1. Counting only C-alpha contacts under 8 Å and six or more residues apart, can you give the relative contact order of chain B as a whole percent?
2. Not counting the cut sites, what is the longest span of chain B without GluC sites (Glu not before Pro) that DSSP labels loop and that have at most 15 other Cβ atoms within 10 Å?
3. Two decimals is fine: what is log10 I(q)/I(0) at q = 0.14, 0.17, 0.21 Å⁻¹ for region B:317-405, from a Debye sum with one equal scatterer on every Cα and no solvent?
4. Nearest 10 degrees, 0 to 90: what angle lies between the long axis of helix A:2-18 and the longest principal axis of chain A (Cα atoms)?
5. For B:318-324, what's the mean count of beta carbons from other chains sitting within 10 Å of each residue's beta carbon?
6. For region A:239-404, with only Lys/Arg (+1) and Asp/Glu (-1) charged at the beta-carbon, what is the dipole magnitude about the Cα centre, in debye rounded to 20?
7. Can you give me the three principal axis dimensions of the protein assembly as shown from its C-alpha atoms, in Å, biggest first?
8. Report D for region A:144-301 in µm² per second (integer): Stokes-Einstein, Kirkwood Rh on Cα pairs, 4 °C, 1.567 mPa s.
Amino acid sequence: MVRRRVLALVAGAAALYLIGTWSGDGLLPKAKDIAEVKLMRTMAVDKGEENGLLLTVSGDVQKDSPDSQTRPPMILNQPALTVFGGCTRLQENSEGDPEFGHLAECVVGEEYARRGIEDLADFLERDVSMRMETKLFVVAGDTGEAALRGAASQNSAITDYLTSISKNPGLGGRNPWPYTMREYISQQEDNGVALLPALTLEDNPDFDPSDREKQPEKILKTAGFALFQEQRLTGFLTGEESQGVSLLTGNDVLDAFEITLKSGTVAGIRLIDTKCRYETRFAPDGTLEAVTLRLIVRGDLNQLTGAADPMDEETLREMEQAFCAQIHTVSQAALSRSQRENADFLHLRRELVCRYPLHATGLTEHWDTWFPNVALNVTVEGQIQRSYDIDRPAPEKEVRRGGE
Amino acid sequence: MPHQHMPHHSRKTPAVEGPLTWESICALFDGCADFKTRDLTPDGWEKPLHICWLEGMVRNERLNDYVLRPLATCPMPKESLPSAHLLTGGVWDQTVERQEDLEKTANALVSGSCAIFLPDGVVTCSVETEEKRAVSEPGNETETKGAKDSFVESLRTNTSLLRRRLRTPHLKIERHIVGRQTLTPVELIWIDGIADPHLPRQVAEKLADIDEDALVTTGELEEYLTEPRQTVFPRVLFTERPDRVCQGLLEGRVALVADGIPMGCVLPGDVSQFLKAPQDRSYHWLAASALLVLRYLSLFVTLLLPGFYIAVATFHIELIPTQLAISIIASEQDVPFPTAMEVIGLLVSFEILQEAGLRLPKTIGQTVSIIGGLVVGQAAVDAKIVSPAVVIVVAVAGITGFTVPYQDFSNALRLWRLLLAVLASLAGVFGLTMGSAFLAAHLAGVSDFGVPYLWPFARWGRSELEADAILRQPIPEVKLRPAELNTGNRRRRW
């Protein structure tokens, strides 16, 4: 019995040592009561003085008790040389006890992003309390701190807005979908190029300077994608380019299109399905000469404003052609930008390697030289399949081709 | 380790010494108000016979009609051996025995016999009273679809309840006397051919080792039968339902019934037994299995939830989903105590309330529960002494603990729940994990009569499934008895 107890004690001591609790500070892990902590939800990283950075963190709207009135979120900032140093000093110097384990979003300012965000990626990758699921955003033309402070009011924090667009990226029409740090690192590892959603700050028309806490001073809006090459911000994709990226990467199948027909009737069509097939042409020596993306799309007719009859064959044909043309435009815009920047953010190489394994070596080794010269084309085949009148279903028809 | 200052004690055998004479028996019971004597002179005798008994232990009608009346009215040989005459029909009693020593005679008297002192020896006649509580519905193990009878304080009634269900002649009942002062009859029961033949002998040896003044509670039996005694978990199943004892006997276990204890004891026990409710075999097997799974889930919740809450709220806040963390922080605002102290304090308060409710009469007990649980609880939350989240955690842990059907097992969980909460408050999930690992190792090391306490979980296989050990199987498919019981006849049916 004594031997068993000694063995149990030795095993317990070994376990304590192995898990690292047996440090100089004490045997047991350090407690931090939940009532004492301030949960930080969003972190902003901006360029600081010289090589330093400025770290800003924001919590949720504050509430002293479930029934009390809300207060604007706690916002703390700290200049530092590293994100880690900033976080540590914030914890040391703040009145509350900021807790970073629940950071859901990280916003980076444009200047800092242009300098490179590898140190931020490195920190989020290594830190035990941070999460790789932290969503990243870039503020175009401004700082992250401005975004955090601008969006803060008595009733809202930046977290509320970012959470909202993270949950419904496609339903907004042209919003970029959010990328987590895990996805960002994965993209960078794949081909050194990554996209992150971009935000812009605009003045809030409802802002009342006499009651600054009631409404946020700024409004955040989505602004396409920020393009990163080798961890540095190199530009933004907006408008058609942004929409093309969403469409070609299959992340935005619920996007809305508005089409004006010749008769003046306006159709609201929701894209509900996209399939992309790749056709290639290789030269006899194996060089990639052309890539054609054959898109097959389906849309739902959600609204028709005007005199046109949706059951009319000609109207349907016109709508489908216009729908395909729009999709062609946005897709071609994204492809062209990708080629122009020599940044394969659409992951064409990866797709082609999977589909043409015999050319995998050539595609992998020569992609950087082939890609700028490849002829990139898009063809779109589309169908609009839903009408208003269930008693008069749309006639059977062939899939229309258009927009080549 | 022997106690240094413990007075020496040796078991005195025989407990009563002296010659078996009328004078010595009178001296033995001198000062006992219930010791009654009667002198009776049979027809043609010169000297009277001496008869004695203990009032209250005998039934007067029996004594008068079966013993005194034939002695007084029937002729009795004077010269030849009168004791032999009594043994062969001189008295009209069922059980007549010749006694040879004082101790056995005294034991017979306290068991409800009368002793007749004859010139050639002593004869005892069993005229015990049958006054007892009527067989009634079980108070704590009610069942909607099952039998409504339960054990009573009378040993023979209890064995008859078993015998009526198990009419096989292979049902063996062996008598033992336990308690130096109480001389309590304890009967060991098993089914010959089904129970492991070594098991009754091992239990009998343990019973013989019991050296206690009295056997008046179940604990005196349980703590002598099982080792090590350091574990708080129950190892024998005490039940007031005869049908449950019968199920245990049919599985190959043995049972004990003791005079004065209205419960049957089934052993050896294992953890799965204590999570099965009496009604499980009355319900559809799927419903019963689902309830059983729910009970296992509740077991883990009641055991681990307070500790886990302390661990995540004090050491691992990042483990809590964000929205929940925000709610908890809001609820903890202005509460002056650390979370660990809140939870442990509330757990202790919960135990006090429970204990107070049990000790008081039922009607007042309910009032205490209502005042304690609702009024004081709500007031404590309003006064920000405890947070609503902690109240919910402790209440959920308490309520899930009530799903465990066996009270002793539930008590063990309550004790370990508190211990795990303390460990979690010291070292978070690490402390909780170490405590849980220690508990698992401790239980894995417990075995009684060769049956590991955790056997259905220690070896998960077809055998355990077939034996209905963990989940309830359709009864026709339960063809085997538990393998670990090493039964003489493993197969229940073809």
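Each reported figure results from applying straightforward, stated rules to the coordinates on display, with no laboratory input. Keep in mind the model is a prediction, meaning the values are calculated, not measured. Note that we place each Cβ from the backbone using ideal geometry, even for glycine, and neighbour counts take in every protein chain shown.
1. Working: 768 pairs, mean separation 62.2, N = 494.
Answer for chain B is 13 percent.
2. On the way: sites that count: B:Glu17, B:Glu46, B:Glu55, B:Glu79, B:Glu100, B:Glu130, B:Glu131, B:Glu153.
Of all site-free stretches, the longest is B:154-494.
3. -0.55, -0.77, -1.06
4. It is inclined by approximately 60 degrees.
5. 4
6. Here region A:239-404 has a charge dipole of around 300 debye.
7. That gives 141, 67, 57 Å along the principal axes, largest extent first.
8. Calculated translational D: 70 µm²/s.
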